[in-house]
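Down below is the structure, laid out as structure tokens.
The values are calculated or read from the model by the stated rules, or taken from the named source; none is laboratory data. Keep in mind that this is a model prediction, so the values were computed, not measured. When we count neighbours, we look across all protein chains shown, and the Cβ atoms used for this are built from the backbone with ideal geometry, even at glycine. Keep in mind that these areas ignore ligands, DNA and RNA; they rest on the heavy atoms of the full protein, side chains included. Shrake-Rupley method; radii C 1.70, N 1.55, O 1.52, S 1.80 Å.
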Amino acid sequence: MSHTFSTPAPLELASLPVELLFKVLLSLRADGLARASRVCRAWQDLVVTAARERLLALRGPAAAGTTPHGPSLLCSLSAAEDLTRRIGRRADGNGKQPWRGQTWRDEWVKIRREELVLQGNELEDIVVETTETTLPRFRQEIEWLIQSGWEGCDAKAYTLLVYMGRGALGAALRVGSRRYAASTHALTGLLLSRAGQGELPPTCFCNLSGRWGLSEEDPAWGALSAAGAAPGASFIATTVSGGLVANDHTFADGRGLRIPIFCAHGVEYQLQDAAVVAFVSRPPSREGWHALVQTTPTGFSLPPLARVTLVSVSEAGEWAANGHRVCQRCYTVSVSYA
């Protein structure tokens, strides 16, 4: 007796129950969700819900919000996936409830120790102060953030991590190490949650080399002064970076940029004999935020993994700040992050 068997029809995603289709979409990365959204209108709605759920899982509720005038949901998700790919999720030991896992305070001692080593200190001579001992030194900076709408705990976290540990965080991020994942996610989230607030920042300036220079803390900035660098060249910055507005302190004359240095009698603005980077902020688009975030009365910052694009190069004497022709080369850049 002969038997004939019919070949089953191939299973198509469109025929799946909505609940099962949604689970499939949840497993896709941002680029896959983008393709899925072009199938039909019904899938577009499911993609939006899936993308929101994935973004919430990766960034937590504080930094997962989107606005109509900011980067698209899928653009934000792609950026969150990039950070997660580099250093892992913000998760606790069993991978549940990402925003309730290890905190930046758990990483503080190691961050501060590595930061001091990067600054040239001998490891055996290092004594790391507790966060409680360190915080009073930055009372004014923290109070300004709180008065500007930051939560107290967020203001303290941002201030300590940026002023006392951003070099160590950037070093870990560049090699894809997860040793400071909680702190890096926290710092990124704090800046992202405030992107697009307030008026568009003025042009801000930072020294490319020298004390606290951009390229001293993040080698990627060396691309600006590399041979053959031309407008349109871009790179990814791995540390929190930013600049200061031009005023009588930062540009007292045309010799160059002065940066604030904490000393025994207060703050002293010291001249840096180095090329200057000018950050030009622009309105947001669906491709990302393009403006720095204000973090001090005269200072603005970018989160890690912002894309920096060279706009133009002005030679010494060809540009001005605070009414002075400046005798340093100036690299004007634009930025983008999501």
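Within segment 137-161, work out how many residues are in a helix (DSSP H, G or I) and open to solvent by 10 Å² or more (accessible area, probe 1.4 Å). Explain how you work it out, then say what you get.
Within segment 137-161, the first condition is being in a helix (DSSP H, G or I), and the residues that meet it are 137-147, 152-161.
Okay, now just the ones that are also open to solvent by 10 Å² or more (accessible area, probe 1.4 Å), so 137-144, 146-147, 152-154, 156.
Residues flagged as in a helix (DSSP H, G or I) and open to solvent by 10 Å² or more (accessible area, probe 1.4 Å) within segment 137-161 amount to 14.
Condition check ((1) more than 15 Å from the chain's Cα centre (by Cα); (2) not charged (D, E, K, R)) across all residues:
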{"position": "276", "(1), (2)": "yes, yes"}
{"position": "279", "(1), (2)": "no, yes"}
{"position": "290", "(1), (2)": "no, yes"}
{"position": "295", "(1), (2)": "no, yes"}
{"position": "304", "(1), (2)": "no, yes"}
{"position": "308", "(1), (2)": "no, yes"}
{"position": "320", "(1), (2)": "yes, yes"}
{"position": "325", "(1), (2)": "yes, no"}
{"position": "328", "(1), (2)": "yes, yes"}
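Is it true that residue 187 is touching a residue at least 60 places away in the same chain (Cβ under 8 Å), crowded, with 20+ Cβ neighbours inside 10 Å, under 25 Å from residue 284 (Cα atoms) and out of contact with any Ser or Thr (no Cβ under 9 Å at 6 or more places or on another chain)? Give the derivation first.
Numbers: touching a residue at least 60 places away in the same chain (Cβ under 8 Å): yes; crowded, with 20+ Cβ neighbours inside 10 Å: yes; under 25 Å from residue 284 (Cα atoms): yes; out of contact with any Ser or Thr (no Cβ under 9 Å at 6 or more places or on another chain): yes.
Yes: the conditions hold for residue 187.
May I ask you to verify whether residue 325 is farther than 26 Å from residue 195 by Cα and either β-branched (Val, Ile, Thr) or buried (at least 16 other Cβ atoms within 10 Å of the Cβ) (or both)?
no
Filter segment 192-215 for residues that are hydroxyl-bearing (Ser, Thr, Tyr) and assigned to a helix (DSSP H, G or I) and give the result.
215
One residue is enough: does segment 272-280 have a residue meeting the conditions closer than 30 Å to residue 186 by Cα and in contact with a Lys or Arg (Cβ under 8 Å, 6 or more places away or on another chain)?
Looking through segment 272-280, at least one residue is closer than 30 Å to residue 186 by Cα and in contact with a Lys or Arg (Cβ under 8 Å, 6 or more places away or on another chain).
Residue-wise test of (1) assigned to a loop (DSSP other than H, G, I, E, B); (2) modelled with pLDDT of 70 or more; (3) in contact with a helix residue (DSSP H, G or I) (Cβ under 6 Å, 6 or more places away or on another chain); (4) surrounded by fewer than 22 Cβ atoms within 10 Å (Cβ to Cβ).
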{"residue": "56", "(1), (2), (3), (4)": "no, yes, no, yes"}
{"residue": "65", "(1), (2), (3), (4)": "yes, no, no, yes"}
{"residue": "70", "(1), (2), (3), (4)": "yes, yes, no, yes"}
{"residue": "79", "(1), (2), (3), (4)": "no, yes, no, no"}
{"residue": "85", "(1), (2), (3), (4)": "no, yes, no, yes"}
{"residue": "90", "(1), (2), (3), (4)": "yes, yes, yes, no"}
{"residue": "93", "(1), (2), (3), (4)": "yes, no, no, yes"}
{"residue": "96", "(1), (2), (3), (4)": "yes, no, no, yes"}
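What single numbered condition from (1) surrounded by fewer than 15 Cβ atoms within 10 Å (Cβ to Cβ); (2) in contact (Cβ under 8 Å) with a residue 12 or more places away in the chain; (3) over 20 Å from residue 240 (Cα atoms) fails to hold for residue 128?
(1)
I'm trying to understand the selection: among the residues of segment 166-214, which are touching a Pro at 6+ places or on another chain (Cβ under 8 Å) and of a type in the set (Gly, Ala, Ser)?
170, 195, 196, listed by residue number.
Give all pairs with beta carbons closer than 7 Å in which a residue from segment 20-37 that is within 10 Å of residue 51 (Cβ to Cβ) meets a residue that is surrounded by fewer than 16 Cβ atoms within 10 Å (Cβ to Cβ); count only pairs at least 6 apart in sequence or on separate chains.
From residues that are within 10 Å of residue 51 (Cβ to Cβ), the pairs are 26/53; 37/44.
Only one of (1) farther than 26 Å from residue 147 by Cα; (2) of a type in the set (D, E, K, R); (3) out of contact with any His (no Cβ under 9 Å at 6 or more places or on another chain); (4) in contact (Cβ under 8 Å) with a residue 60 or more places away in the chain fails for residue 318. Which number is that?
Only one criterion is unmet by residue 318, namely (4).
Take residue 336 and tell me if it is assigned to a strand (DSSP E or B) and either of a type in the set (Val, Ile, Thr) or crowded, with 21+ Cβ neighbours inside 10 Å (or both).
Taking the combined requirement at face value, the residue satisfies it.
Can you list the strands (runs of 3 or more DSSP E) lying wholly within segment 216-304 that have 1 or more residues being surrounded by fewer than 20 Cβ atoms within 10 Å (Cβ to Cβ), touching a helix residue (DSSP H, G or I) at 6+ places or on another chain (Cβ under 7 Å) and in contact (Cβ under 8 Å) with a residue 40 or more places away in the chain? Working first, answer last.
Values: elements: 234-237, 241-245, 258-263, 266-271, 276-279, 299-302.
Answer list for segment 216-304: 234-237.
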